[in-house]
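The values are calculated or read from the model by the stated rules, or taken from the named source; none is laboratory data. These numbers come from a predicted model, not from an experiment. Using ideal geometry, Cβ is built from the backbone for each residue, glycine included, and neighbour counts are taken over all protein chains shown.
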Amino acid sequence: MRIPKVIIQGVLAGGAIASLTLAASTQGQTPAAGPPSAAETKLLLARSTPAVPPLPACSAAVGCPSNVPADFVPTPNGWFHPSCVIETASGETYDPATATLHGKDGSARTVAPCAYPAYRKNGDVLVASTPTGTAVAGGKPTAASAATNISGWVIDAENGGDAPAVSLLQAQWQVPSSPPSSGGLIYLFLGMQDYTLLQAVLTYWYGWTAGTWDCCYGVENQNILHSTAIAVEPGDWIYGLLQGSGCSIQTGECQSWLVYAYDYATGQASEGSVSSTGQYGYYWQLFGPPGSLYAGALQAYYVNSCGQMPASGINFQNVTANMVVTDGPMPASYLGWSIATPAPGASNCSPSGSVSSSGNYASVSLSWND
């Protein structure tokens, strides 16, 4: 008897729309490098997304900066009003030029501009308070919030120097052991940032989920978008992909991006897509200062004790990136991956990391509580 597969529509090299045939592998088994293969080794599982309590009100007790309103919620890119956190159906494509989400079935819906300010993790204003305001330049916070907890960007592996323009970033990682104590909100992700921040994200909040996020800097009408999450469990292997299409070798700009997170153990995927026009392109200069790539990063909110951190560290394996010029893999050495701990107060729980590379592949290890 043949085991069923799952078909995911995606953007492949060269910008063509095609079907990727994906199938699940045994939970805990290290997958081969690159995109999921068509090996049929396990029935697809339909897990339910964990039922979780609502996020607590923003306050100093949970590490929220004092200037952030109480009803704001944390995201992988700072504090937003709930009305500005937009969930998209898997596979919906966002067109920032018209502020419209397009479904694969031909449906369309308009995303209203966010009517509230947004804040970085440390409380700095991220975007202005009106839809016509000027976006603040993107980036990581330069200071942590309260020293008695962890609330913000903790540690990452990021590129350095003038890297070539990229058309693809991908990696695989295994869901860590759950925290001994609940109450902390954990984000672990693969991502890239220039005009906006695109991420394939693993989240812990009373249970593990995986999905994609797209934020903001005025590009998305100052909203932050995220795809419908899938439920994952400790030991599952996750494949994260950010892939551009319609990429120009003259400018380094890609006209659209596919972002998705795939669980090898279940065959389930969460997918988001973004189209771009003109100034809304996710621009990677062929020469000069590049955007930022993250081969692995950790953010945490509401962590008041190290027991609320995952019980094990995480390894982002087989991290590779493609160059726009060749649409082929680039040596890992071109990216100059290095470990950064951008929030000084986040030294609680002793975060640490290391990077190794061989040929086109890099591996990132992030740990804490050592």
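Residues considered: Pro164, Pro176. Of these, the only one that is touching a residue at least 12 places away in the same chain (Cβ under 8 Å), in contact with a strand residue (DSSP E or B) (Cβ under 9 Å, 6 or more places away or on another chain), farther than 30 Å from Val62 by Cβ and not in a strand (DSSP E or B) is Pro164. Look at (1) modelled with pLDDT of 80 or more; (2) small (Gly, Ala, Ser); (3) closer than 23 Å to Gln193 by Cβ and you find that Gly10 fails only one, number (1).
If the condition is being modelled with pLDDT of 80 or more and outside any strand (DSSP E or B), then the stretch 101-123 contributes Gly103, Lys104, Asp105, Gly106, Ser107, Val111, Ala112, Pro113, Cys114, Ala115, Tyr116, Pro117.
Applying the criterion of being of a type in the set (Phe, Trp, Tyr) and surrounded by fewer than 24 Cβ atoms within 10 Å (Cβ to Cβ) to the residues of the stretch 232-258, the residue that is farthest from Ala200 (Cα to Cα) is Trp237.
The set of residues in the stretch 80-99 being part of a loop (DSSP other than H, G, I, E, B) and out of contact with any Lys or Arg (no Cβ under 7 Å at 6 or more places or on another chain) consists of His81, Ala89, Ser90, Glu92, Pro96, Ala97, Thr98, Ala99. Would it be correct to say that Pro310 is assigned to a loop (DSSP other than H, G, I, E, B), crowded, with 24+ Cβ neighbours inside 10 Å, out of contact with any helix residue (DSSP H, G or I) (no Cβ under 6 Å at 6 or more places or on another chain) and modelled with pLDDT of 80 or more? The answer is yes for Pro310. Residues in the stretch 319-340 that are surrounded by fewer than 19 Cβ atoms within 10 Å (Cβ to Cβ) and closer than 21 Å to Leu202 by Cβ were compared, and the one that is modelled with the highest pLDDT is Ile339.
Among the residues of the stretch 66-79, those identified as under 13 Å from Asn122 (Cα atoms) and assigned to a strand (DSSP E or B) are Pro74, Thr75, Gly78, Trp79. With respect to Ser25, is the statement that it is touching a helix residue (DSSP H, G or I) at 6+ places or on another chain (Cβ under 7 Å) and either at pLDDT 70 or above or part of a loop (DSSP other than H, G, I, E, B) (or both) true? So Ser25 does not fit the description; no.
Residues considered: Gly138, Gly133, Gly207, Gly152. Of these, the only one that is within 19 Å of Tyr294 (Cα to Cα), modelled with pLDDT under 95 and surrounded by fewer than 24 Cβ atoms within 10 Å (Cβ to Cβ) is Gly138.
Just so you know, in the stretch 56-72 the residues that are on the phi < 0 side of the Ramachandran plot and surrounded by 19 or more Cβ atoms within 10 Å (Cβ to Cβ) include one that is modelled with the lowest pLDDT, and it is Val62. The single residue among Ile238, Ile249 that is more than 14 Å from Thr93 (Cβ to Cβ), part of a strand (DSSP E or B), out of contact with any helix residue (DSSP H, G or I) (no Cβ under 6 Å at 6 or more places or on another chain) and touching a residue at least 60 places away in the same chain (Cβ under 8 Å) turns out to be Ile238. Which residues, taken from the stretch 52-65, are touching a strand residue (DSSP E or B) at 6+ places or on another chain (Cβ under 6 Å) and either part of a loop (DSSP other than H, G, I, E, B) or within 23 Å of Ser270 (Cα to Cα) (or both)? If the condition is that a residue be touching a strand residue (DSSP E or B) at 6+ places or on another chain (Cβ under 6 Å) and either part of a loop (DSSP other than H, G, I, E, B) or within 23 Å of Ser270 (Cα to Cα) (or both), then Leu55, Gly63 are the ones that fit.
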